[in-house]
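Here the structure is laid out as C-alpha cells; the discussion comes afterwards.
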Amino acid sequence: MDNANNKPIEIAKEISLKKILLQVKEYKEFLLTKWKIILVFGFGGAFIGLGLSFVIKPTYNANLSFVLVERSSGGGLASLASTFGLGNMIGFGSNNAFSGDNLLEIIKSRYAVEKTLLTPIDFNGKNVTMIDAYIQFNNLHKKWKNSKKIELRSLNYPVNVKREAFTRVQDSVLLDIYKKFIESNDLKVVRKDKKIGVVNVDFKSKNELFSKLFVENLIDQTYQFYKDTRTVQSRVNIEMMEHTADSIRNLYENALYGSASVSQVNINPALQTAVVPRIKQENDAQLYGAVYAEVLKNLETLKLDLARETPIMQIVDTPRFPLKRNRIGIIKGVVFGGGIGGILILLFLLAKFNLKDVL
C-alpha cells in the first residue's frame with residue numbers, strides 16, 4: 001500500500017525535475033542567441049571598471065589600538081575591569097561614565113570628532129586646522145564654487161578661533177563632515193575582544209598624512225577629556241588648598257617680620273610692657289608655621305590622590321607610514337566591471353524572455 005502511495009510522488013518529482021531541466025535548456029538556447037549582446041555588455045562593464053580604477057582615488061587606513069587603565073581605590077585590576085565593562089562579570093561594580101561601550105561612543109561623539117577637526121596641524125608646509133586640510137585635499141571648494149551661499153565658496157576655519165565665534169555655515173559643514181565619517185564608516189571604533197579590553201580605532205581618508213594625524217589627535221582629545229572629567233574634583237581641591245597655603249604663608253612671613261621689628265625697637269629691658277607685642281608676634285609665627293606645615297602635608301596628599309585617579313592610556317599599536325592603501329586595481333576593476341555588466345544583461349534578458357512567455 002505504501003509503495004502504491006509513493007509512486008505518484010516519485011512520478012511528480014521526476015516530472016518537476018524534467019520540467020526544470022527543459023526550462024534550463026530553453027534559457028541556455030535563448031541566451032546563446034544573444035551572445036553578442038552579452039559580450040558587448042560584458043566588455044562595456046569591464047571598460048567602465050577600468051576607468052573607475054583610474055578615476056577613484058585610493059584611501060588610506062590608519063589604525064590605532066590602546067588599553068585604558070584607570071587607577072582607583074579598588075585597585076588596578078578592579079579599575080581595568082570597570083573601565084571596559086567587565087566589573088559585573090568578575091565582581092567589581094562600575095559607575096564610570098566611560099565604562100563598557102560608553103568609551104567607544106565617546107570616541108565617535110560629535111564633540112571628540114569636531115574638537116579633533118579643529119586641531120591645528122602642519123599640512124603641506126602650512127599651519128592649518130585639520131578641517132581646512134580635509135577641505136583642501138577633497139577639493140570641496142570646487143564643489144562649492146557655484147553655491148548660492150557666498151560664505152561657502154571661501155569657507156575656512158582659522159587656527160585658534162573659538163568655537164563660539166563660528167557662523168551657522170561653519171557649524172553646518174562641521175556637522176556634515178562628522179555625519180559622513182560616521183554614516184560611511186570612515187571612522188570605526190570597536191573592541192574585538194571584551195575579555196582583553198583592547199580598543200581599535202580605524203579611520204580612512206584620501207590623504208595618508210591626514211588619516212594618521214586624525215587618529216592620533218582623536219585619541220589625544222578623548223584621553224584629555226576623560227582625564228579632565230575623571231580628575232576635576234581633585235584638581236579643584238588642590239587649587240583651593242594651594243590658595244589656602246599661600247594665604248597662611250603670607251601671614252607666617254608677616255608675623256616673622258613683625259617679631260623681628262618689635263625685638264629691634266624695644267632693646268631697653270626697663271620697658272617690660274614692650275615685650276608683649278614681640279611675644280605675640282612670635283606666638284603667631286609659631287602658630288602660622290604649624291598650620292602651614294599641616295596644609296602642605298594635606299596638599300601633598302591631595303596631589304597623590306590626583307596621581308592615583310589619573311587614568312593611564314597605554315598605546316598598543318600606532319599608525320606608521322606607509323599606511324594600508326585601498327584602491328580599485330586595474331585587474332579588479334576589469335573583472336568586477338565585466339562581471340557586473342554580464343550579470344545585469346543576463347538578468348534583463350531572462351526577465352524579458354519570461355515576460356514574453358507570460359504575455
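The values are calculated or read from the model by the stated rules, or taken from the named source; none is laboratory data. The structure presented is a predicted model; accordingly, all values stated were derived computationally and were not measured. Glycine gets a Cβ as well: all are built from the backbone with ideal geometry, and neighbour counts include every protein chain shown. Each accessible area value is taken on the protein alone, full model and side chains, heavy atoms only, with ligands, DNA and RNA left out. Shrake-Rupley method; radii C 1.70, N 1.55, O 1.52, S 1.80 Å.
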Task: So GLU29, is it at pLDDT 65 or above, within 41 Å of the chain's Cα centre (by Cα) and of a type in the set (Asp, Glu) - done: no
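Return the residues of the range 141-167 that are under 24 Å from the mean Cα position of the chain (by Cα) and among the basic types (Lys, Arg); say none if nothing qualifies.
Applying the first criterion (under 24 Å from the mean Cα position of the chain (by Cα)) to the range 141-167 yields 156-164, 166.
Across the range 141-167, the qualifying residues are LYS162, ARG163.
Taking into account only those residues within the range 158-196 that are assigned to a loop (DSSP other than H, G, I, E, B) and within 19 Å of THR318 (Cα to Cα), which is modelled with the highest pLDDT? Before you say what the answer is, go through the steps one by one.
To start, the set of residues in the range 158-196 that are assigned to a loop (DSSP other than H, G, I, E, B) comprises 158-162, 166-167, 184-186, 191-196.
Still in the running and within 19 Å of THR318 (Cα to Cα): 186, 191-193, 196.
Working: ASP186: 97, ARG191: 88, LYS192: 75, ASP193: 73, ILE196: 72.
Among residues in the range 158-196 that are assigned to a loop (DSSP other than H, G, I, E, B) and within 19 Å of THR318 (Cα to Cα), the one modelled with the highest pLDDT is ASP186.
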TODO: Starting from the range 173-200, take each residue that is free of Cβ contacts under 8 Å to residues at least 24 places away in the same chain and list its partners that are among the acidic types (Asp, Glu), counting only C-beta distances under 6 angstrom and pairs at least six apart or across chains.
DONE: LYS188/ASP202
Task: Residue check, GLY42 at pLDDT below 95, surrounded by 13 or more Cβ atoms within 10 Å (Cβ to Cβ) and not in a helix (DSSP H, G or I) - done: no
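Taking the range 290-333 as the search range and keeping residues that are part of a helix (DSSP H, G or I) and under 30 Å from ASP186 (Cβ atoms), which one is least open to solvent (accessible area, probe 1.4 Å)?
We begin by selecting, within the range 290-333, every residue part of a helix (DSSP H, G or I); these are 290-309, 330-333.
Next cut, under 30 Å from ASP186 (Cβ atoms) only: 330-333.
Values: ILE330: 83, ILE331: 134, LYS332: 107, GLY333: 4 Å².
Within the range 290-333, the match that is least open to solvent (accessible area, probe 1.4 Å) is GLY333.
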TODO: Just one of (1) aliphatic (A, V, I, L, M); (2) surrounded by fewer than 15 Cβ atoms within 10 Å (Cβ to Cβ); (3) modelled with pLDDT of 90 or more trips up VAL199, so point out which.
DONE: (2)
Task: Index of the failed condition, THR83 passing every other in (1) open to solvent by less than 30 Å² (accessible area, probe 1.4 Å); (2) among the polar types (S, T, N, Q); (3) modelled with pLDDT of 90 or more - done: (3)
Open item on the list: Show the residue pairs meeting these rules: Cβ distance below 8 Å; 6+ apart or different chains; first residue within the range 123-149 and open to solvent by 70 Å² or more (accessible area, probe 1.4 Å); second residue assigned to a loop (DSSP other than H, G, I, E, B).
Closed with: ASN127/VAL159; GLN136/ASN124; HIS141/SER154; HIS141/LEU155
- [ ] Go through the residues of the range 334-350 one by one and say whether even a single one is closer than 30 Å to PHE210 by Cα, modelled with pLDDT of 85 or more and open to solvent by 50 Å² or more (accessible area, probe 1.4 Å).
- [x] yes
